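Here is the structure we will look at.
Derivation of every value follows stated rules applied to the coordinates shown; laboratory data play no part. All values derive from a computational prediction rather than experimental measurement. Please note: Cβ atoms are built from the backbone with ideal geometry, for glycine as well, and neighbour counts cover all protein chains shown.
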Amino acid sequence: MNELAQPRRITHHLADFLRIPRDQSISRADVNMAITAYIYFKPLRDNDKNIDTVQYRKKLYWADRLNPSLAEADGKRRYLRDLKDPKNPTVIIPDERLSELLEYDKFVEDVHAGKITFKCKNAKTEKQENVVHTDTHLTYPILQHLLTKHFLEDIPKKEVWIGIYTCDEDRKLMAVCGSTMDHVIQRLVNLVWEYKETGVGDKAWKELASHHRIKIASIGVRLQIFKDEYV
């Protein structure tokens, strides 16, 4: 699994910011999507080809969760928060909540004190060198840097396996494993997001089966999940 898509344990502060349970794991990709929607979100037009994609639906989910909105006369929603600098959209002007989450004031102090360094490639020597960062603007790369502290190391646990069976034949379709139950459940949720939402009925599950090289003999296969074992 891509490292950005791997569910991770997060700090209580970030969980509260995202309005999710404190013990819930979440991928870095989803956190990035949520924070971006908090900063600014502009809905797509109805005729946009991407409006029915899973990616856009996830963005819309986080925007509805984190960004206040108003209903327009045409029934559409206008999202009110826009933290992008009007003069430079690559720069973010954090509000109080985002600033507290990122500890942005401390970052500015550390920049002025010359404490922030990043590795950069020297054009002459072609070697990585530590370069002092002097820009206090909050850009998206700096946002990623400041979010890092909110991702915690996973506590080693026994490997957990989940079996997915057909309801009509009691036949196992696949086994999904992870280091924690949260990881396994998140993977299953991702499968539903990616495949069940992209098709209708049997077509979606055939796509799911095809992706995992699994043969589904019967039509109308439904998902039934239960814990197999702890290894």
Taking the alpha-carbon centroid of each part, what is the distance from the stretch 59-90 to the stretch 24-53 in angstrom?
11
Roughly how many nanometres apart are two label points built 7 Å out from the Cα toward the Cβ at ILE51 and LEU152?
4.1
Given R₀ = 41 Å, FRET efficiency for LEU70-THR125 by Cβ-Cβ distance, to 0.05?
0.15
